[in-house]
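The values are calculated or read from the model by the stated rules, or taken from the named source; none is laboratory data. Predicted, not measured: the structure shown is a model, and the values here were computed from it. Neighbour counts run over all protein chains shown; Cβ positions are idealised from the backbone, glycine included. Only protein heavy atoms, including side chains, enter the accessible area calculation; ligands, DNA and RNA are left aside. Shrake-Rupley method; radii C 1.70, N 1.55, O 1.52, S 1.80 Å.
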Amino acid sequence: MQCDDVVLHLAQAPDEESNDYLPLPVRHHLVTCLSCQAERVQYRRLHRELRGMRLEVIEPDERLLPDILDSVRPSATVTQLRPSRRKAYVSGIAAAATAGAAGALVLVSKLSAKGQRLAG
Ligand SMILES: [Zn+2]
């Protein structure tokens, strides 16, 4: 059995104190190979540290969320309007405002006419 094959088994259950969960050829290799024994110690240490981090609560910096959103959002593009379109937009806005004002005048005049009829 080669060390590369043994390492795959060591990563599966690093917390086990006994080697009973390992296949027999792997156990035999572990008894004689210092490299694989050291690898097993490293897996146990890593697993212990990862387990300790499970309960650790880390408060994120208050700028973290805005920074992430800024990096995810597409950047805004500014498009300059050509003068002819600018005139068309301004004319459209002016026409809409005029129509709104005219509608308000009609509504007010109808309401006041209705009020005079009720009063008189
Ligand atoms: Zn080995």
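Protein heavy-atom surface of the chain, 1.4 angstrom probe: 61% of the accessible area is carbon and sulfur, with nucleic acids and ligands not counted.
Cysteines of the chain lacking any other cysteine Cβ under 4.7 Å from their own Cβ: CYS3. Its relative contact order, with pairs defined as Cα atoms under 8 Å and 6+ residues apart, puts the chain at 21 percent. Annotation note: trypsin sites (Lys or Arg not before Pro) in region 12-120 located in DSSP loop regions with a Cβ neighbour count of at most 10 within 10 Å are ARG54, ARG63. Only the Cβ atoms of Lys and Arg (+1) and of Asp and Glu (-1) were treated as charged; on that basis the dipole of the chain about its Cα centre amounts to roughly 1880 debye. For region 3-53, the Cβ-based charge dipole about the Cα centre amounts to some 160 debye (Lys, Arg positive; Asp, Glu negative; other atoms uncharged). Relative to the longest principal axis of the Cα atoms of the chain, the long axis of helix 34-53 lies at roughly 30 degrees.
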